[in-house]
Amino acid sequence: MADKKFEDIIVSGARPTGNLHLGNYIGAVQQFVKMQDLYKKCFFFIADIHSLTTHPNPADLEENAKTVLVEYLASGLDPDKITIYRQSDLHETSMLYLFLNMHAYKGELERTTSFKEKARTQPDNINAGLLTYPVLMASDILIHKGTKVPVGKDQEQHLEMARTFAKRFNHIYKQDILPEPEAFNTLGKLIKVPGLGGSGKMSKSDEESTAIYLKDSPKELEKKIMRAVTDTGPTQLNQKKPEAVDNLFSLMKHVSSPDTIAYFEEKYNDMTIRYGDLKKQLAADMVVFLSPVREKIEAIRTNDEYLKKVLKEGTEKATESAANTMREVRSAMGFRH
Ligand code: ADP
Ligand code: TRP
């Protein structure tokens, strides 16, 4: 392998709230896989503490984290090239979160889009963990002095807040300790993969049938895609596509060849398109695209010894990096003992 070139420190994670879907894969995990060969220091973790905001069943917690770990590895993350760990195993993150909370203000936290959205959708559980979610996320990144954070478009505001907290800390303690991280995608723009339900981004909290999971069998993929929402078809030449149809073309861009896409674009524009054909092609290309990952998921899932070893070594490497940051943070804040 060629020498890794870049000095930026890469940090990213996903909440273990279900199986990874195509949005997680294209918006985040595929990026991680590319970056592991380019950057000297990459930290990818499973944000199990973040998942506590929605009170998961304790009996499921370990299994949920294992699901993400297995799917990260099956997607091509290589523990020899990067550091991979569970957020709850790196205690320094929780310590930094506690410290940063002293300089995070109720007003700015309440204005966060993700908080407002959660407060609206789960009015019976607007807990302090939800309010301070961006502080914990900033701590995940800043604990390793992360500078580039591969995430999907939905995380942009959280990154902006991480920059605010880093800047504020440096300013208050008059030292340049925490860098200002930015959301990043190797393609130069952040990505939003749509779902199959006709509108919105693909999400783990969608109905099962509108998200495409990495673990889905070819049969499941075909069934879901054939049922995707469309409309009755174009009624004018070169008509603008409605969102649901545009979404199918967007999905195609990630898995089909340029020739295939051009073929269906032409059919749409001259009004001869049959959505059934488009979906059949999309399903076939999706199966080819995801099969290698699905097969690896099945192989890795049963290898508990390997998974344990990956987490143990990852925790050790992450702890070393985090301890260095915490020494500086504690000292800046006056904890010199
Ligand atoms: P979800 O929103 O489905 O619960 P997470 O919040 O765990 O997924 O997201 C994990 C990562 O995947 C984040 O970097 C997030 O930006 C990215 N991501 C999630 N959904 C999408 C999507 N539809 N398109 C692009 N990236 C996405
Ligand atoms: N908030 C992210 C999400 O919902 C997950 C996450 C937690 C994260 N901590 C992070 C992503 C740190 C990048 C860096 O997708």
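The values are calculated or read from the model by the stated rules, or taken from the named source; none is laboratory data. Just so you know, these numbers come straight off a predicted model, no measurement behind them. Quick reminder, even Gly has a Cβ in these numbers, built from the backbone with ideal geometry, and neighbours come from all protein chains shown. Ligands, DNA and RNA are stripped out before the accessible areas are found, and what is left, the full protein with its side chains, is counted by its heavy atoms. Shrake-Rupley method; radii C 1.70, N 1.55, O 1.52, S 1.80 Å.
Quick notes on this one:
- Number of positions in the stretch 50-89 that are under 16 Å from K204 (Cα atoms), modelled with pLDDT of 95 or more and polar (S, T, N, Q): 4
- Residue within the stretch 127-136 that is modelled with pLDDT of 95 or more, out of contact with any strand residue (DSSP E or B) (no Cβ under 9 Å at 6 or more places or on another chain), farther than 24 Å from N24 by Cα and in the same structural domain as A14 (by TED's automatic domain parsing) present: yes
- Only a single criterion out of (1) more than 8 Å from ligand 1 (Cβ to nearest atom); (2) open to solvent by less than 10 Å² (accessible area, probe 1.4 Å); (3) part of a helix (DSSP H, G or I) is not satisfied by V33, namely (2).
- Pairs, first in contact (Cβ under 8 Å) with a residue 12 or more places away in the chain and within 19 Å of M286 (Cα to Cα) in the stretch 184-211, second within 16 Å of ligand 2 (Cβ to nearest atom) and among the β-branched types (V, I, T), C-beta under 7 Å, six or more apart: I191/I26; V193/I26; K201/V193; M202/V193; K204/T17
- Among the residues of the stretch 16-35, those that are under 19 Å from G188 (Cβ atoms) and within 12 Å of ligand 2 (Cβ to nearest atom) comprise G23, G27, A28, V29, Q31, F32.
- Scope the stretch 149-173; condition away from ligand 1 (no atom under 12 Å from the Cβ) and in contact with a helix residue (DSSP H, G or I) (Cβ under 8 Å, 6 or more places away or on another chain); matching residues: M161, A162, T164, F165, A166, F169, Y173
- Only residues that are in a loop (DSSP other than H, G, I, E, B) and away from ligand 2 (no atom under 16 Å from the Cβ) were counted in the stretch 189-210, giving 6.
- The residues of the stretch 315-337 that are under 16 Å from D78 (Cα atoms) and in contact with a helix residue (DSSP H, G or I) (Cβ under 8 Å, 6 or more places away or on another chain), listed by number, are T315, A318.
- Contact annotation: residue pairs with Cβ atoms under 6 Å, 6 or more positions apart or on different chains, pairing a residue in the stretch 35-60 that is basic (K, R) with a partner that is more than 9 Å from ligand 2 (Cβ to nearest atom) and in a strand (DSSP E or B), are K41/I9.
- Restricting the stretch 1-28 to residues that are modelled with pLDDT under 95 and assigned to a strand (DSSP E or B), the residue that is farthest from ligand 1 (Cβ to nearest atom) is E7.
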